[in-house]
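The values are calculated or read from the model by the stated rules, or taken from the named source; none is laboratory data. As the structure is a computational prediction, the values presented were derived from the model and not from experiment. Areas reflect the complete protein model, heavy atoms only, side chains present, ligands, DNA and RNA absent. Shrake-Rupley method; radii C 1.70, N 1.55, O 1.52, S 1.80 Å.
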Amino acid sequence: MRSLLPYLLLSASALAAQAPRQFTDADYARAEKFLAAGTASLVSGVAGRATWLADGRFYYRVSTPQGNAFQLVDAARKTKALAFDHARLGAALAAASGSPVDGNRLPFATFDLSADSKVL
């Protein structure tokens with residue numbers, strides 16, 4: 001044990017004498033790629049915040065390998081399904097706007113749903 005003490009003291013003093021590493025812009029740019037914005041496209045199944053409806057059901061947006069989807073959940077009946085036809089809505093928005101709209105990348109994060117679930 002006594003033979004290790006001088007070695008530990010020398011190692012500790014050598015570490016303390018080293019200057020802290022200076023990070024470059026390239027270091028920060030590389031690290032930035034690992035933040036959520038850079039990795040979101042690599043992860044699917046991430047659920048967003050639930051929005052509750054007056055009838056006790058709720059919906060949420062979830063990431064998919066193709067983009068996003070809205071799921072409608074009825075907890076009382078223990079069911080979950082797509083809240084609406086994403087491709088059909090994307091096509092309708094594209095026709096109305098004159099710009100392409102992918103049903104997997106709809107330009108909204110929330111919506112209002114009628115009581116009969118037929119009108120957004």
Would you mind classifying the stretch 42-98 by shape? Square roots of the alpha carbon gyration tensor eigenvalues, ordered a ≥ b ≥ c; an a/c under 1.5 is rounded, otherwise it is prolate if a/b is larger than b/c and oblate if not. oblate
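Could you state the accessible area per residue of the stretch 25-115 in Å², with a 1.4 Å probe and every protein chain left in place? Let's see the in-between values first.
Numbers: 6420 Å² over 91 residues.
Per-residue value: 71 Å².
Given Cα pairs under 8 Å that are at least 6 residues apart, what percent is the relative contact order of the chain?
Normalised by residue count, the contact order of the chain is 13 percent.
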Which of Arg61, Arg88, Arg21 fluctuates most in a GNM of the chain (C-alpha springs under 10 Å)? That residue is Arg21
With every protein chain in place, what's the accessible area of Ser99 (1.4 Å probe, Å², nearest 10)? 60
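Carbon-plus-sulfur fraction of the accessible area of the stretch 21-116, 1.4 Å probe, in percent?
Numbers: 3960 of 7000 Å².
Its accessible area is 57 percent carbon and sulfur atoms.
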